[in-house]
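Every number in this text was worked out from the coordinates using simple rules, so none of it is lab data. A quick note: this is a predicted structure, and the numbers were derived from the prediction, not measured. So basically every Cβ, Gly included, is an ideal-geometry build from the backbone, and we count neighbours across all protein chains shown.
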Amino acid sequence: MKRLSALAAGLLIGAAAFQFSGVASGQSDGWITLLDSSKMGDWDEVGKANWAMKDGALVADKLDGKDLSYLVSKNPYKDFQIRAEFWTDEEANSGIFIRCEETKKIDSKVCYEVNIFDKRPDPSYGTGAIVDVGKVDPMPKAAGKWNTYEITAQGPHFVVVLNGQKTVDAQDSKHASGHIALQYGSGVVKFRKVQIKPL
């Protein structure tokens, strides 16, 4: 009986340690934290902007050069869900790029671009859309408030939800897997949390 109690206690301690280690490494319920309010995380930068942690968010408001800036994930992902919290001003041009096949040159030809761009000249591919894949109508406005993107990529099926409202449900098979990238193009852009859950 004592041996059984000791075994049960050992299993409980082991389970608690496993659970704690998952949180400590940024994983919980399968979610991997790429960025949170206390740390920027580990990204490769393509192009230069003044990315910095300020007041619990990763912020950029100026390019250092003429090229757009991207923070690119170290790891590639195939099928996944993303949860991202972001804030922009009205002049912002940003986005979350997914399944990027290249890591040194990021654009909508080698990635899928889930847009954050309230003043895009063609609003059908503005905020809430996947550029050249899934249009949004009417385009929601994201400027001046904290927003949450939920992006699901499973095989050729893509679903984008902005603040609880589905904006895209589309099919495309150009890019099967690749890296994640956060974009800074103009205005003020803040990311407070970015998590990914492989499927």
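Going by the structure shown, is GLY144 closer than 21 Å to LYS193 by Cα and over 16 Å from the mean Cα position of the chain (by Cα)?
Spelling it out, GLY144 is indeed closer than 21 Å to LYS193 by Cα and over 16 Å from the mean Cα position of the chain (by Cα).
The number of residues in the range 152-199 being touching a Gly at 6+ places or on another chain (Cβ under 7 Å) and among the basic types (Lys, Arg) comes to 2.
Filtered by the rule that a residue be in contact with a Lys or Arg (Cβ under 8 Å, 6 or more places away or on another chain), among the polar types (S, T, N, Q) and surrounded by 15 or more Cβ atoms within 10 Å (Cβ to Cβ), the range 152-199 gives a lone residue, GLN195.
Per-residue answers, yes or no, for (1) aliphatic (A, V, I, L, M); (2) closer than 19 Å to THR127 by Cα:
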{"position": "GLY47", "(1), (2)": "no, no"}
{"position": "TRP51", "(1), (2)": "no, no"}
{"position": "GLY56", "(1), (2)": "no, no"}
{"position": "VAL72", "(1), (2)": "yes, no"}
{"position": "ALA84", "(1), (2)": "yes, yes"}
{"position": "ASN93", "(1), (2)": "no, yes"}
{"position": "PHE97", "(1), (2)": "no, yes"}
{"position": "LYS105", "(1), (2)": "no, no"}
